[in-house]
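Data first, discussion second: the structure below is written as structure tokens.
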Amino acid sequence: MNDRPKQSEGRLPSETGGTGAEVDAFLRKVAAIRPTAAGGGRGRLIFALDATASRQPTWDGAMQIQAEMFEQAGALGGLDVQLVFYRGFGECKASKWQSEARGLLRAMTAVTCLAGRTQIARVLRHALGETAKKKVNALIFVGDAMEEALDELGHLAGELGLRGLPCFLFHEGRDPVARDAFEQIARLSGGACCRFDPSAPQQLRDLLAAVAVYAAGGRKALADFSERRGGIVRQLTHQVR
């Protein structure tokens, strides 16, 4: 039975209350990562989501956000995205690789959240298997809890780092156990971790779009994207330079 905190138990502060500094730290980490997308090729990104019961309130928002990733990466030669999610009793599934937002949206709308324990290790093992078949440029994970052996997750994250597959983890909520685990996975894989406020979806949308653009086209593409978007993404570009 899940004993994770309820969604309603205390939202994160606004950006003026400290979130801004955390976003800056996340962007600095992204800026330090070497580009992974091959010149002229399509980027490949795994979009992994915790679909257990506590995340139902923000699932619809995630569907809107993923479409934005495709839109921003489309002009860079394209981005192939695979949806991975876990829920319920040992269920962990991956969609086909999708080259447009509509296909991924169909996959997401077929999913409803179900109570269950986290299965982050299965997500990381899946990513290892996928990048062994064909290079995956980045993994995004959005979740609010961690109920697994941290040493195993750390080992898998380290293997992803050796294969040049950085993990970008977005932590919803205040669970300190999840926070620590997500930070360690990010560090060991060569990626970054950032906490987000579900009541401020635009911030998460911009950060996810930035990672997608980065996976599709590297730092130059990210710089071009920031000129159009500004705000948080422009901070990232300044750090890259």
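State which residue pairs qualify: first residue free of Cβ contacts under 8 Å to residues at least 60 places away in the same chain and closer than 18 Å to VAL136 by Cα and inside the stretch 174-198, second residue among the hydrophobic types (A, V, I, L, M, F, W, C) and crowded, with 20+ Cβ neighbours inside 10 Å in any location, beta carbons under 7 Å apart, and separation of 6 or more residues or different chains.
From residues that are free of Cβ contacts under 8 Å to residues at least 60 places away in the same chain and closer than 18 Å to VAL136 by Cα, the pairs are LEU188/ALA157; SER189/ALA157; SER189/LEU160; SER189/LEU165; SER189/CYS167.
Output the residues belonging to the stretch 171-182 that are outside any loop (DSSP other than H, G, I, E, B) and at pLDDT below 90.
Those that are outside any loop (DSSP other than H, G, I, E, B) and at pLDDT below 90: HIS171, GLU172.
Quick one: in the stretch 124-154, of everything that is aliphatic (A, V, I, L, M) and closer than 13 Å to THR52 by Cβ, which residue is modelled with the lowest pLDDT? First the steps, then the outcome.
Initially, the stretch 124-154 is screened for residues aliphatic (A, V, I, L, M), giving 124, 127-128, 132, 136, 138-140, 142, 145-146, 149-150, 153.
Those left that are additionally closer than 13 Å to THR52 by Cβ: 142, 145-146.
Details: VAL142: 89, ALA145: 94, MET146: 96.
Looking at residues that are aliphatic (A, V, I, L, M) and closer than 13 Å to THR52 by Cβ, I get VAL142.
Among the residues of the stretch 157-166, count how many are buried (at least 23 other Cβ atoms within 10 Å of the Cβ) and either modelled with pLDDT of 95 or more or under 17 Å from VAL177 (Cβ atoms) (or both).
Looking only at that region, the number is 2.
Among residues belonging to the stretch 187-202 that are of a type in the set (A, V, I, L, M, F, W, C) and touching a strand residue (DSSP E or B) at 6+ places or on another chain (Cβ under 9 Å), point out the one that is modelled with the highest pLDDT.
Checking each candidate, the answer is LEU188.
Quick one: would you say ARG117 is basic (Lys, Arg), in a helix (DSSP H, G or I), closer than 12 Å to TYR86 by Cβ and in contact (Cβ under 8 Å) with a residue 12 or more places away in the chain?
Here the answer is no, as ARG117 does not meet what is asked.
Taking only the stretch 135-153 into account, find how many residues are in contact with a Phe, Trp or Tyr (Cβ under 9 Å, 6 or more places away or on another chain) and assigned to a loop (DSSP other than H, G, I, E, B). First the steps, then the outcome.
So in the stretch 135-153, the residues in contact with a Phe, Trp or Tyr (Cβ under 9 Å, 6 or more places away or on another chain) come out as 137-143, 146.
After this cut, where a residue has to be assigned to a loop (DSSP other than H, G, I, E, B) as well, the list is 137, 146.
Result for the stretch 135-153: 2.
Would you tally the residues in the stretch 214-225 being more than 13 Å from the chain's Cα centre (by Cα) and modelled with pLDDT of 70 or more?
Qualifying residue count for the region: 8.
For the stretch 120-141, give me the residue count where each residue is over 16 Å from GLU91 (Cα atoms), surrounded by fewer than 23 Cβ atoms within 10 Å (Cβ to Cβ) and touching a residue at least 12 places away in the same chain (Cβ under 8 Å).
6
Conditions first: (1) under 15 Å from ARG195 (Cβ atoms); (2) surrounded by fewer than 16 Cβ atoms within 10 Å (Cβ to Cβ). LEU114 passes all but one, so which condition is the exception?
Failing condition for LEU114: (1).
Within the stretch 149-193, can you find the residues that are over 26 Å from GLN98 (Cα atoms), acidic (Asp, Glu) and in contact with a Lys or Arg (Cβ under 8 Å, 6 or more places away or on another chain)?
ASP175
The values are calculated or read from the model by the stated rules, or taken from the named source; none is laboratory data. Keep in mind the model is a prediction, meaning the values are calculated, not measured. All Cβ positions, even for glycine, are placed from backbone atoms using ideal geometry, and neighbour counts span all protein chains on display.
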